[in-house]
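The values are calculated or read from the model by the stated rules, or taken from the named source; none is laboratory data. Owing to the predicted nature of the structure, the values given are computational and were not obtained by experimental measurement. Here the Cβ positions follow ideal geometry from the backbone for every residue, glycine too, while neighbour counts run over all protein chains shown. These area figures cover heavy atoms from the full protein model, side chains too; ligands, DNA and RNA do not enter into them. Shrake-Rupley method; radii C 1.70, N 1.55, O 1.52, S 1.80 Å.
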Amino acid sequence: MRKVVILLYLWMTCLLAGAQTFDEWFQDRTLRLDYVFAGDSKEQHIYFEQAFAMPRWAGRKARLAEAPLRGNGQIRLKDHATGQLLYVHTFSTLFQEWVATEEATRVQKAFQTSYNVPMPKRQVDITVTLTDFHAKVVSEMTHTVDPEDILIRAIEHSGVPSHYVWKGGQDGEPDITGCIDLAIVAEGYTDAQMGKFYTDCQRVADALFAHEPFTSLKSRFNVVAVAPPSADAGTSVPHQRRWSRTSAGTHYDTFYTDRYLMTQDVHRIYDLLAGIPFEHIIILVNSDTYGGGGIYNQLTVSTSDHPTFAQVLVHEFGHAYAGLGDEYFYDDQYETMYPADTEPWEPNLTTLVDFSGKWADMVPKHTPVPTPPAADVPYYRNVKTEKERRLLNEATQRVGVFEGGGYQSKGVYRPAQECRMKINEVDDFCPVCQR
């Protein structure tokens with residue numbers, strides 16, 4: 001009993017320490033930072049554009065100087081006077097994906113990005129860092145922000161209508177501090193189609209919460225539907241020479257890949273969300289064509305009406321929310337994203353450089369590496385019977401070290417023979433992705 005009391009005391013002390021640290025250094029407000037990342041395959045640059053102040057802080061208030069994943073970029077806030085590290089946020093960007101394309105070898109481009117951090121009480125030095133596929137820093141920029149700066153523009157609310165689809169708090173009010181705040185932004189819905197948008201948002205919430213670990217942790221989420229009307233229905237399809245006037249500026253053919261549906265208008269999206277507490281963003285596109293994308297700690301983009309809507313949404317949210325990597329492979333990318341001498345930062349991929357830091361503790365003893373695929377698991381495109389479907393789903397729950405992942409058939413390994421991060425035809429994430 002004494003041991004239990006001591007543990008409870010230590011736990012409460014940690015919680016109080018985290019809260020006191022936040023209150024010591026930060027206001028309960030949001031500082032929005034707009035940047036432009038620019039360059040090509042040889043060099044990348046970071047430019048600060050402007051800052052905004054908004055009411056309330058929706059992010060974490062404990063473990064502020066820790067980051068669960070490395071990502072391909074990082075923001076660090078340090079106290080200007082003492083140099084103490086106060087806050088860390090990691091991310092990935094569309095710009096860094098583009099840098100790995102063939103186009104980046106022959107032209108320079110600029111990409112918008114925005115990040116929310118807690119508003120400091122005193123001057124802070126903010127350092128933004130970008131890293132390459134070898135986890136080496138390729139660009140870094142530090143600038144000082146004074147919370148009293150008269151050029152930090154205060155915005156109370158964008159004026160865009162919003163409606164909570166799900167509240168994880170009690171007494172009918174969303175718990176902004178204790179829950180993950182997920183915002184779903186309407187894209188390609190006209191004024192007359194907003195009823196459909198709110199119905200589609202409920203389908204988004206139902207799809208996410210139908211999967212573990214979100215099912216068990218549903219009470220830890222808030223889901224808010226944000227409804228800016230678009231002048232045109234749908235989205236832009238460049239390969240059909242169709243450009244639509246939409247709220248978030250999405251389009252297919254990102255990087256000239258017809259099904260890659262994304263937007264570069266990140267500043268505009270943050271404008272739409274001004275004054276609405278959020279930590280993660282889903283852009284819901286009013287379209288019945290297959291497509292989407294997910295970028296860690298930036299955006300999830302998914303269409304509303306394709307038959308595989310739920311599967312694609314959950315897969316892309318796995319990228320954007322949990323930082324999970326793609327487990328499929330085809331070996332036709334321009335550049336290797338997972339070099340053999342570097343351990344991937346994604347928790348469900350490994351090159352075996354530092355496998356002990358991944359899912360080694362979940363692999364049964366005497367499992368061979370690489371783990372041979374089970375012969376009784378059918379190829380997912382050939383599944384016809386209920387037995388075949390059961391065997392395919394069972395393959396998601398056997399943890400091993402299967403070669404092939406991260407778009408590469410050799411040298412990169414995934415945790416399960418099949419998983420929602422590999423194919424849409426299975427019901428579940430594998431145990432490693434769930435963790």
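Scanning the chain for helices, which whole DSSP H stretches are 20 Å or more long along the axis (Cα) and average 0.5 or more by Kyte-Doolittle?
On the way: long enough: 2-25 (35 Å, 0.79); 194-209 (23 Å, 0.02).
Both cut-offs are met by 2-25.
The solvent-accessible area of LEU151, taken with every protein chain present and a 1.4 Å probe, is close to 140 Å². Each residue, ASP232 and ARG122, gets one label point 7 Å from its Cα in the Cβ direction; the gap between the two is 5.3 nm. Mind checking region 330-401 for chymotrypsin sites (Phe, Trp or Tyr not before Pro) that DSSP puts in a loop (not H, G, I, E or B) and that have at most 14 other Cβ atoms within 10 Å? For chymotrypsin sites (Phe, Trp or Tyr not before Pro) across region 330-401 that sit outside H, G, I, E and B with at most 14 neighbouring Cβ atoms in 10 Å, the list reads TYR330, TYR334, TYR379. Extending 7 Å from the Cα toward the beta-carbon at both ALA210 and THR257 defines two label points whose distance is 2.5 nm.
Once you have a ≥ b ≥ c as the square roots of the Cα gyration tensor eigenvalues for region 121-187, tell me rounded if a/c is under 1.5, and otherwise prolate or oblate according to whether a/b is larger than b/c.
Working: a/c = 2.26, a/b = 1.55, b/c = 1.46.
Here region 121-187 falls in the prolate category.
A crude spin-label estimate for the pair VAL88 and ARG381, with each label 7 Å from Cα along the Cβ direction, gives 4.3 nm.
Once the Cα-Cα distance is subtracted from the 0.36 nm per residue extended length, the LYS42 to ALA65 segment shows a gain of 5.2 nm. Ligands, DNA and RNA are left out, and with a 1.4 angstrom probe the accessible area of region 26-183 is 47 Å² per residue.
Taking all protein chains as they are arranged and a probe of 1.4 Å, the heavy atoms of LYS196 leave approximately 70 Å² accessible to solvent. Shape analysis of region 275-332 places it in the oblate category; the axes a ≥ b ≥ c from the Cα gyration tensor give an a/c of at least 1.5, with a/b not above b/c. Compared with the alpha-carbon gap, the fully stretched path from VAL107 to GLU49 is longer by 18.7 nm at 0.36 nm per residue. Assuming R0 = 22 Å, can you tell me the calculated FRET efficiency for the pair SER409 and THR308, based on Cβ-Cβ distance, to the nearest 0.05? Working from the Cβ atoms, E equals 0.35.
Each of [x] -0.53, -1.00; [y] -0.46, -1.02; [z] -0.36, -1.11 is a candidate for log10 I(q)/I(0) by the Debye sum over Cα atoms at q = 0.07, 0.12 Å⁻¹; the one calculated from this structure is [z]. Cα centroid distance between region 271-324 and region 364-415, in Å? Going from one Cα centre to the other spans 27 Å.
Taking a threshold of 28 Å on the Cα-Cα distance, which of the pairs LYS218/LYS422; LYS196/LYS218; LYS365/LYS422; LYS121/LYS358 fall above it? It would help to have the intermediate numbers written out before the result.
Values: LYS218/LYS422 24 Å; LYS196/LYS218 24 Å; LYS365/LYS422 25 Å; LYS121/LYS358 37 Å.
Table pairs above 28 Å Cα-Cα are LYS121/LYS358.
May I ask you to give the percent of accessible area on region 20-108 that is carbon plus sulfur, with a probe radius of 1.4 Å? List each step's numbers first, then the result.
Values: 1870 of 3950 Å².
Of the solvent-accessible surface of region 20-108, carbon and sulfur hold 47 percent.
Return, ordered by residue number, the residues of region 83-114 whose backbone nitrogen is under 19 Å from a label point located 7 Å along Cα→Cβ of LYS136. Flagged as within label range: 96-97, 99-101, 105. Overall form of region 72-165: oblate. Here a/c, set by the Cα gyration tensor axes a ≥ b ≥ c, is 1.5 or more, and a/b is not larger than b/c.
Given a 1.4 Å probe and the protein chains as shown, ILE281 ends up with an accessible area of around 10 Å². Take every DSSP beta bridge whose two residues both sit in the chain; close to 75 percent of them are antiparallel. Is there a quick way to get the dipole size of region 78-160? I mean about its Cα centre, with the Cβ of Lys and Arg at +1 and of Asp and Glu at -1; what is the value in debye to the nearest 20? That gives a dipole near 40 debye.
Between the beta carbons of ARG245 and GLU173, assuming R0 = 51 Å, the FRET efficiency works out to 0.90 to the nearest 0.05.
The residues of region 257-345 expose on average 33 square angstrom of accessible surface per residue, using a 1.4 Å probe on protein heavy atoms.
Legend: residues ASP265, ASP288, ASP427, sorted from most to least accessible area (1.4 Å probe; ligands, DNA and RNA excluded), read ASP288, ASP427, ASP265.
Can you give the calculated 222 nm mean residue ellipticity of the chain, where each DSSP H run of n ≥ 4 adds -39,500 (n - 2.57) and the sum is split over every residue, rounded to the nearest 500 deg cm²/dmol?
Details: 7 runs with 80 residues, N = 435.
Taken over the chain, the calculation gives -5500 deg cm²/dmol.
Surface composition of region 306-396: carbon plus sulfur atoms hold 53% of the accessible area, using a 1.4 angstrom probe and ignoring ligands, DNA and RNA. Among the protein heavy atoms of region 137-178, carbon and sulfur supply 47% of the accessible surface, probe 1.4 Å, non-protein parts ignored.
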